[in-house]
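Undergrad: Structure incoming, see below.
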Amino acid sequence: MFYWTGSEPAPSVFDPKDKRWFEIWNDVFMQYNKTVDGKYEPLQQKNVDTGMGLERTLVAINGLSSVYETDLLAPLLEFLKQQVSVNEQDERKFRIMADHLRATCFMAADGVVPSNKDRGYVMRRVIRRVMVYARQLGLHDNWLAGFIKEFINIYSDAYPELESKSVLISINDEMERFIATLDKGIKEIKGQVTKAGYVTGSQASVYYQSYGIPLDVTTEIVNGMDGEIKDLQDFDKEMEKHQDLSRTASAGVFKGGLADHTEEVVRLHTATHLMNAALRQVLGEHVWQKGSNITKERTRFDFTHSEKMTDEQKSKVEELVNSWIERDLTVKKEVMPLEQAKQLNAIGVFGEKYAETVSVYTVMDPKNGEVISREFCGGPHVEHTGVIGQFKILKEEAVAAGIRRIKAAVS
């Protein structure tokens, strides 16, 4: 479904090449069922599935010409433009910054932290693209805090979790770390152009993967020095190779962070749940799981905490876990509606989205009903903790801003 955004009356004939026709809605007519042998059979119940774009509909209702003119984005753009002298040719950069930072703020509020894998990797790339444009436009040092304040003013009524300080901290920390990297990358591009007069597509892919500098920014720098981009097709080839490697690495991760379902891994998996419960007791309920990886040799557990653990805290966690193992507690699996699990105070990976029906593992004392741990989890686990063995923390370290990592084993 398209809406005419031009100033003159809408043409009688639709022209898909005319950008003033603005798509606000799509309609999917569901009429057939495709069988396993590839045949199409008419459905008994035919349906029309519709998908409306909220911001695009606002454009139509309010007589605007772009989503960047809506109340959801216009104040963010205006804030950015107030920080520097605005040139008309910079409009695209401002739009990219507003859009990317909005997405980044929502990711941070959902518990995503910049990293080198999965969602954290996407977040890091998005932040770095914003930072490249911020440097080019000459935004001053404290602009980010003001932007996030403006963003929260717009969205916090619908998304109160945005009020968390972690939104600013995680984005700001990543930007600060990236500044030196960015300057190094720009220096390398300029050095290449000075020396050879050009940058190749393969080199441009290295600048993107190593320094986070997008191709269009590399192109701008090269053109500004009267250089040229050679063999541009090699950029896409190199990026495709990089994506294939990323997909291969992702495919090698077992569901739930488990290397396999051997006895050793299952014992460590249950020990990890006990460790999570102990960490929340010793450090506080701000502790949330951010990820795990469990092999036959050890469990690796990432969690939210801003300070290095003391030796006393690590010893206390070990004592709690080993006491629960010694009590030979029962481990029980239940499948229940998500809302019921939340009412039972089941916890999971911070920021993770769960299905309407979930699997919950509870570690409890059958003698008095005391619940030690209750988590969303697909399993598998031991049936009682007495078979786990002696728990020992091997190492505790920082892996990102506000994220700690423990490596532990059982014997």
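Just so it is clear, none of the values below were taken in a lab; they were calculated from the coordinates. The structure displayed is predicted, hence computed values, not measured ones. Counting neighbours? That spans all protein chains shown, and the Cβs are built from the backbone with ideal geometry, glycine included.
Undergrad: Tell me the angle of helix 201-211 to the major Cα principal axis of the chain, expressed in degrees between 0 and 90 and rounded to the nearest ten.
TA: Its long axis makes an angle of about 50 degrees.
Undergrad: Post the alpha-carbon centroid distance, region 139-174 to region 375-398, in whole angstrom.
TA: Each part's Cα centre sits 36 Å from the other's.
Undergrad: What is region 1-151 by shape, rounded, prolate or oblate, if you read a ≥ b ≥ c off the alpha carbon gyration tensor as root eigenvalues and call it rounded for a/c under 1.5, prolate for a/b larger than b/c, and oblate otherwise?
TA: oblate
Undergrad: Please report the antiparallel percentage of the DSSP beta bridges confined to the chain, to the nearest 5.
TA: 90
Undergrad: I would also like to ask the following. Helix 166-196 versus the longest principal axis of the chain: what is the Cα-based angle in degrees, 0 to 90, to the nearest 10?
TA: 50
Undergrad: Between 0 and 90 degrees, rounded to the nearest ten: what's the tilt of helix 215-224 against the longest Cα principal axis of the chain?
TA: Relative to the chain, helix 215-224 is tipped by roughly 40 degrees.
Undergrad: OK, next. Go ahead and set up a Gaussian network model of the chain, Cα springs under 10 Å, then flag whichever of Met275, Met30, Met225 fluctuates most.
TA: Met30
Undergrad: Also: Tell me, in nm to one decimal, what length is gained between Thr35 and Tyr155 on full extension, where the rule is 0.36 nm per residue of separation less the Cα-Cα distance?
TA: 38.7 nm
Undergrad: Going by average Cβ density within 10 Å per residue, which order do the peptides 197-204, 353-360 take, highest to lowest?
TA: Going by the mean number of other Cβ atoms within 10 Å, highest first, we get 197-204, 353-360.
Undergrad: By counting other Cβ atoms within 10 Å of each Cβ, how are Val331, Val36, Val382, Val84 ranked from fewest to most?
TA: The most exposed by this proxy come first: Val36, Val84, Val382, Val331.
Undergrad: Next question. Quick one: Ser373, Ser12, fewest Cβ neighbours within 10 Å first, how do they rank?
TA: Ser12, Ser373
Undergrad: Now, a different point. For Lys46 and Thr262, FRET efficiency with R0 = 41 Å and r from the beta-carbon atoms, rounded to 0.05?
TA: 0.25
Undergrad: Is there a pair in Lys333/Lys392; Lys117/Lys316; Lys342/Lys367; Lys308/Lys392; Lys184/Lys308 whose C-alpha atoms are over 22 Å apart, and which pairs would that be?
TA: Beyond 22 Å between Cα atoms: Lys333/Lys392; Lys117/Lys316; Lys342/Lys367; Lys184/Lys308.
Undergrad: Next question, about the same structure. Assuming R0 = 30 Å, can you tell me the calculated FRET efficiency for the pair Glu356 and Thr57, based on Cβ-Cβ distance, to the nearest 0.05?
TA: For R0 = 30 Å, the calculated efficiency reads 0.65.
Undergrad: Further, regarding this structure: For a quick check, take a GNM of the chain with Cα springs below 10 Å and name the residue from Lys230, Lys17, Lys187 with the largest mean-square fluctuation.
TA: Taking springs between Cα atoms under 10 Å, the residue moving most is Lys17.
Undergrad: If you don't mind, another one. If I take R0 = 56 Å and measure r between the Cβ atoms of Glu307 and Lys19 in this structure, what FRET efficiency does the formula 1/(1 + (r/R0)^6) give, to the nearest 0.05?
TA: Result of the calculation: an efficiency of 0.60.
Undergrad: Computed from the coordinates I sent, volume of the Cα convex hull per residue in Å³ equals one of (i) 146; (ii) 229; (iii) 137. Tell me the label.
TA: It is the one labelled (ii).
Undergrad: Still on this structure, please answer the following. Gap in Å between the Cα centre of region 86-136 and the Cα centre of region 337-371?
TA: When both Cα centres are located, 34 Å separates them.
Undergrad: On a 32 Å Cα-Cα criterion, which of the cross-link pairs Lys19/Lys190; Lys17/Lys93; Lys81/Lys353; Lys19/Lys81 come out too long?
TA: With Cα atoms farther than 32 Å apart: Lys19/Lys190; Lys81/Lys353.
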